[in-house]
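Colleague: This is the structure I have questions about; it appears just below.
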Amino acid sequence: MTQSIAEYFAGKTVALTGGTGFVGQCVIEKLLRSCPDVRKIYVLARSRKGVCPEERVKKFASEEIFDKLREQRPDFLSKLHVLSCDLEKENLGLSEEAIDTLENEVQIFYHSAATLRFNEHLRLAFVLNTLAVKRLLKICKRMKRLEVLVHLSTAYSHCDRMEIGECYYETNPKFEEIQQAEKWMSDEMMTKLTPEILGKRPNTYTLTKAIGEEIVFKESGDLPVVILRPSIVGAVWNDPIPGWITTLNGPTGVIVACGKGILQNMRAKEGLVLDVIPVDFTASCAIAAAWKRGTEFLRDKHTPGLTVNIGASLSDYSDSAAESDAKIRTDIPVYNLTTGTYNPNDLDAWQKSMTYWFDSYPFNGAFRKPFFQLTNNNYTQRFLMFMYHYLPAYIFDIFLRMMGRRPRLTRLTKKVDSALDVLQYFLNNTFRWENRNMMALLQHMSAKDRETFDFDPRNIDWHDYMKLFTLGTRKHILKDDPESYPAARRHLKLLRMISYLFHSITFLVVWRLLVAPTGIAQNLWRLVVSLCFKFLKFFQISSTLHRGSFFGS
């Protein structure tokens, strides 16, 4: 392909759902900065908490991630246009005027809006992650100038299997079955039946995203479509602000809980590879995938007799069910945007990196010394959970009550425990993704485009990434003052001393109760206690002499 990515987007009008979200903001920023001649971007957004869509877009455009763009192109806001939208409504809540605008102007459309809550109620998850896709396709089929529709899914949409290709997979239950059920079932009835509906799947998020994909494969007609499946989306790796993060979803919540000393143990499969993709990689791949599909669509459109079978490589991985169903398209490129195949990083390495960087850049107001251990045994994990999470939380809350303050740590610990339960399926299963299409896309790009729109997982240094992630979480999530590092380090030093004291006392008490009945143990116990008293007495005398010499001077 001779046309660069920036050249392809020049003069184009782009629209996207989910533009106010974490990934959406990065896509918008990257397009405006790296494709400066893009004509216009329509952001489809809804009102939220009494704030209108226009105000929401202005607010996110004022955030730090746009500083680099603001410096280079101060007038970038003139290219952003807002359309009021609501995924829960027919036609996505768009007015006829808005639909006419999309129909006559838009060439590239990104659909990234979704509910990311794993255990969202099935009814709402179905509407936002599945039914909204069906409604969007209906609108896209009216767009006269559409060159590519990029549907952002998730690498875990088919997590009921351990090996996941870049292809179509049949889902069960079907869209029609859930649609009929949600029409007559009450919320309570759907809640009770959700485990049976999920089957082998861990949550409503992965099920509804998978059915959303199936809708694209079956009902997109001849639309030029791309499906992008990023894994766990994390902080920015390189561009524009290393470490930038705005969401507690994914690994960010774990980093906060560990850095604050609230989470200190986790059950996970030994050697588990934690597949995280930086958000700037996700944005760059989404832009590059649109470029490749769009240029091929235009070439096919303007070359009589030429047929481009973009999905030819997918047939190697298709299920027999897909091959036998004539309605299912086989020409839709799917990109598994993951890192574990070419640059794996297991959970043990994440643990070591977190511990190292928490010591160097501690969070303000940590409850305990950051410490994190892994176990693959459920009973061991439950015991450690009680000893290291609940017991200290109960003791701390008792002191808060004695001081007349509201207890809070036990409630927070229960929330962390609940969040870990939601993640257990992913922490105890190993997934392997096919990445042939993703790597082929990189090869199609020029050297300059690969540098500008980098999403090559081999370029990530995970230890350095953990540093950026820690600093970014401290700055953008916790809002800790960069000038507070000395105080945070002093606080961490105090927490270490308290931790050593607590463990020493716990050991001595347990030893005294369990071992001390023997005569030798009793003598050892007396020796240890006498040494402690002597040390305290010596410390008291030394302190008195020191005070005396100080006042005397």
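Colleague: Considering the range 478-490 alone, what residues qualify as being surrounded by 12 or more Cβ atoms within 10 Å (Cβ to Cβ) and either at pLDDT below 80 or more than 30 Å from the chain's Cα centre (by Cα) (or both)?
Modeller: 487
Colleague: Ok, one more. Restricting to the range 201-217, name every residue that is of a type in the set (Asp, Glu) and assigned to a loop (DSSP other than H, G, I, E, B).
Modeller: Filtering the range 201-217 for residues of a type in the set (Asp, Glu) gives 213-214.
Selection gives nothing.
Colleague: Those residues that are among the acidic types (Asp, Glu) and in a loop (DSSP other than H, G, I, E, B), I need them from the range 432-477; list them, please.
Modeller: Of everything in the range 432-477, those that are among the acidic types (Asp, Glu) and in a loop (DSSP other than H, G, I, E, B) turn out to be 434, 454, 456, 461.
Colleague: Here is a follow-up. Go through the range 82-182 and tell me which helices (runs of 4 or more DSSP H), entirely inside it, have 3 or more residues that are within 27 Å of residue 337 (Cβ to Cβ).
Modeller: On the way: elements: 96-105, 122-126, 132-140.
In the range 82-182, the matching helices (runs of 4 or more DSSP H) lie at 122-126, 132-140.
Colleague: Right, another one. Residue 356 - would you say it is within 23 Å of residue 497 (Cβ to Cβ), among the hydroxyl-bearing types (Ser, Thr, Tyr) and open to solvent by 50 Å² or more (accessible area, probe 1.4 Å)? I'd like the intermediate steps shown before the answer.
Modeller: Values: within 23 Å of residue 497 (Cβ to Cβ): yes; among the hydroxyl-bearing types (Ser, Thr, Tyr): yes; open to solvent by 50 Å² or more (accessible area, probe 1.4 Å): yes.
Against the criterion (within 23 Å of residue 497 (Cβ to Cβ), among the hydroxyl-bearing types (Ser, Thr, Tyr) and open to solvent by 50 Å² or more (accessible area, probe 1.4 Å)), residue 356 qualifies.
Colleague: Is it true that residue 213 is of a type in the set (D, E, K, R), open to solvent by 10 Å² or more (accessible area, probe 1.4 Å) and under 20 Å from residue 152 (Cβ atoms)? Please lay out each step first, then the result.
Modeller: On the way: of a type in the set (D, E, K, R): yes; open to solvent by 10 Å² or more (accessible area, probe 1.4 Å): no; under 20 Å from residue 152 (Cβ atoms): yes.
Against the criterion (of a type in the set (D, E, K, R), open to solvent by 10 Å² or more (accessible area, probe 1.4 Å) and under 20 Å from residue 152 (Cβ atoms)), residue 213 does not qualify.
Colleague: Please give the number of the condition residue 417 fails out of (1) out of contact with any Lys or Arg (no Cβ under 8 Å at 6 or more places or on another chain); (2) touching a residue at least 12 places away in the same chain (Cβ under 8 Å); (3) farther than 24 Å from residue 164 by Cβ; (4) surrounded by 15 or more Cβ atoms within 10 Å (Cβ to Cβ).
Modeller: Every listed condition holds for residue 417 apart from (4).
Colleague: Taking the range 1-24 as the search range and keeping residues that are open to solvent by less than 10 Å² (accessible area, probe 1.4 Å) and in a helix (DSSP H, G or I), which one is farthest from residue 98 (Cα to Cα)? Even if it seems obvious, please write down each step before you answer.
Modeller: Within the range 1-24, the first condition is being open to solvent by less than 10 Å² (accessible area, probe 1.4 Å), and the residues that meet it are 5, 8-9, 13-17, 19, 24.
With the extra rule that they be in a helix (DSSP H, G or I), the set shrinks to 5, 8-9, 24.
Numbers: 5: 28, 8: 25, 9: 22, 24: 20 Å.
Among them, the one singled out is 5.
Colleague: Another question, if that's okay. When the residues of the range 218-274 are narrowed to those that are part of a loop (DSSP other than H, G, I, E, B) and among the hydroxyl-bearing types (Ser, Thr, Tyr), which ends up farthest from the chain's Cα centre (by Cα)?
Modeller: First pass over the range 218-274, keeping only residues part of a loop (DSSP other than H, G, I, E, B): 220-224, 231, 235-250, 260-264, 268-272, 274.
If we keep only those that are among the hydroxyl-bearing types (Ser, Thr, Tyr) as well, we get 220, 231, 246-247.
Details: 220: 28, 231: 8, 246: 10, 247: 8 Å.
Here the answer is 220.
Colleague: Would you be able to tell me the number of residues in the range 263-276 that are open to solvent by less than 30 Å² (accessible area, probe 1.4 Å) and either touching a Phe, Trp or Tyr at 6+ places or on another chain (Cβ under 6 Å) or under 14 Å from residue 350 (Cα atoms) (or both)?
Modeller: Qualifying residue count, the range 263-276: 7.
Colleague: Is it true that residue 420 is among the hydrophobic types (A, V, I, L, M, F, W, C), more than 27 Å from residue 27 (Cα to Cα) and either assigned to a helix (DSSP H, G or I) or within 18 Å of the chain's Cα centre (by Cα) (or both)?
Modeller: On the way: among the hydrophobic types (A, V, I, L, M, F, W, C): yes; more than 27 Å from residue 27 (Cα to Cα): yes; either assigned to a helix (DSSP H, G or I) or within 18 Å of the chain's Cα centre (by Cα) (or both): yes.
Judged against the criteria, residue 420 is a match.
Colleague: Which ones in the range 69-81 are in a helix (DSSP H, G or I) and open to solvent by 60 Å² or more (accessible area, probe 1.4 Å)?
Modeller: Here is the first cut: in the range 69-81, the residues in a helix (DSSP H, G or I) are 69-72, 76-79.
The answer is 70, 71, 72, 77, 78.
Colleague: Checking the structure you have, find out if any residue of the range 449-471 is over 30 Å from residue 292 (Cβ atoms) and open to solvent by less than 20 Å² (accessible area, probe 1.4 Å).
Modeller: yes
The values are calculated or read from the model by the stated rules, or taken from the named source; none is laboratory data. Here the structure is a predicted model, which means the values were calculated and not measured. All Cβ positions, even for glycine, are placed from backbone atoms using ideal geometry, and neighbour counts span all protein chains on display. Remember, those area values only see protein heavy atoms, side chains included, never the ligands or the DNA or RNA. Shrake-Rupley method; radii C 1.70, N 1.55, O 1.52, S 1.80 Å.
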